[in-house]
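Student: This is the structure, below, for whatever I ask next.
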Amino acid sequence: EQDVAGYRKSMAIRVSGFDVPRPIKTFEDCSFSSQLKNAIAKQGYEKPTSIQCQALPIVLSGRDIIGIAKTGSGKTAAFVLPMIVHIMDQPELAKEEGPIGVICAPTRELAHQIYLECKKFSKLHGIRVSAVYGGMSKLDQFKELKAGCEIVVATPGRLIDLLKMKALTMLRATYLVLDEADRMFDLGFEPQIRSIVGQIRPDRQTLLFSATMPGRVEKLAREILSDPVRVTVGEVGM
Ligand code: ADP
Ligand code: MG
């Protein structure tokens with residue numbers, strides 16, 4: 001335990017919550033398939049970043065998480081890699097429809113970046129990823145979602161529109177990521193986020209990532225996460 005505390009300190013990791021899994025040191029410490037390990041190596045990711053060292057074992061264990069770390073710290077892979085494992089763990093992929101993993105991001109640029117990161121790791125597994133955001137044809141996105149996907153990366157407004165159009169159902173969604181939650185609030189997406197969360201089964205796994213944790217984001221986290229582990233890396237302002 002002393003070791004774990006010292007290791008966390010050396011990585012500027014702080015944690016709080018019940019029964020927090022210990023941090024990993026290498027990607028080998030994760031129960032990743034060989035395909036996933038190869039895909040990670042292909043990206044040139046030699047070792048996990050601080051947030052990844054602590055977030056990966058938490059999320060892989062099925063726990064909810066609040067991850068707070070500055071931009072550029074590798075938060076995307078911290079939720080994408082366990083999402084691939086989560087999807088591959090589903091017993092019968094084809095039985096129901098609609099995405100299993102749902103990722104909300106504040107802007108189309110960010111949604112697109114996350115989409116690309118998902119593609120890198122999903123390709124080998126036959127997992128289909130759709131990105132939906134404003135500035136692209138809604139009809140094309142409607143058709144793409146109708147054709148089926150396991151992961152959807154979306155800006156909140158567009159996802160709500162497509163849900164209203166019944167382009168997708170959330171029946172199969174069990175892994176929800178709110179990325180850059182503070183920016184989504186700054187952009188006024190709180191009602192849309194609440195609506196989306198309300199359409200996903202309550203026994204889902206929920207992940208919230210943010211660079212800062214203003215009071216309103218804290219309140220949402222308390223309402224929609226179950227027994228989360230909170231991980232903070234470095235110095236983070238309010
Ligand atoms: P954040 O979401 O925290 O702002 P990103 O997930 O966008 O950060 O990652 C920032 C950059 O670091 C990206 O270019 C990504 O490919 C790279 N990266 C992520 N994880 C690793 C890693 N373990 N080793 C090396 N580079 C990484
Ligand atoms: Mg990010």
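The values are calculated or read from the model by the stated rules, or taken from the named source; none is laboratory data. Just so it is clear, the structure is predicted and the values come from calculations on it, not from any experiment. Keep in mind that these areas ignore ligands, DNA and RNA; they rest on the heavy atoms of the full protein, side chains included. Shrake-Rupley method; radii C 1.70, N 1.55, O 1.52, S 1.80 Å.
Student: Stretched out fully, how many nm does the piece from Asp29 to Ala5 gain, at 0.36 nm a residue minus the Cα gap? If you can, show how the numbers build up before the last one.
Tutor: On the way: separation 24, 0.36 × 24 = 8.64 nm, distance 1.79 nm.
Working it through step by step, the gained length comes to 6.8 nm.
Student: For the chain, go through all pairs of different Cα atoms, get the mean of 1/r, take its inverse, and jot down that Kirkwood value in Å.
Tutor: Over the chain, the inverse of the mean reciprocal pair distance is 17.9 Å.
Student: Over region 195-238, with every protein chain in place, what whole percent of the accessible area is carbon and sulfur at 1.4 Å, could you tell me?
Tutor: Working: 1100 of 2080 Å².
The nonpolar share, carbon plus sulfur, comes to 53 percent.
Student: Need the list of lysines near Lys123 for cross-linking: C-alpha distance under 16 angstrom, and skip anything on the same chain fewer than eight residues off.
Tutor: Output for Lys123: Lys37, Lys42.
Student: Here is a further query. Report in % the part of the accessible area of region 1-98 that belongs to carbon and sulfur, leaving out ligands and nucleic acids; probe 1.4 Å.
Tutor: 49
Student: If contacts are Cα pairs under 8 angstrom and at least 6 residues apart, what is the relative contact order of the chain in percent? List each step's numbers first, then the result.
Tutor: Details: 415 pairs, mean separation 68.6, N = 238.
Relative CO of the chain lands at 29 percent.
Student: Now a separate question. Hey, what's the chain come to in accessible area per residue, 1.4 Å probe, Å²?
Tutor: Each residue of the chain exposes 47 Å² on average to a 1.4 Å probe.
Student: With everything on Cα atoms, drop me the angle between helix 215-224 and the longest principal axis of the chain, reported from 0 to 90° to the nearest 10.
Tutor: With both axes taken from Cα atoms, the answer is about 80 degrees.
Student: Further question on the same structure: How long are the semi-axes of the equivalent ellipsoid of region 104-238, taking √(5λ) for every eigenvalue λ of the Cα gyration tensor, in whole Å from largest down?
Tutor: Equivalent ellipsoid of region 104-238: 25, 16, 15 Å, largest first.
Student: Another question, then. Expressed in nm to one decimal, what extension gain is obtained for the pair Arg216 and Gln43 from 0.36 nm per residue of sequence separation less their Cα-Cα distance? Numbers along the way, then the final one.
Tutor: Values: separation 173, 0.36 × 173 = 62.28 nm, distance 3.58 nm.
Between Arg216 and Gln43, full extension yields 58.7 nm more.
Student: Rounded if a/c is under 1.5, else prolate if a/b is larger than b/c, else oblate: which is region 95-138, with a ≥ b ≥ c the root eigenvalues of its Cα gyration tensor?
Tutor: Judged from the Cα gyration tensor, region 95-138 comes out oblate (a/c at least 1.5, b/c at or above a/b).
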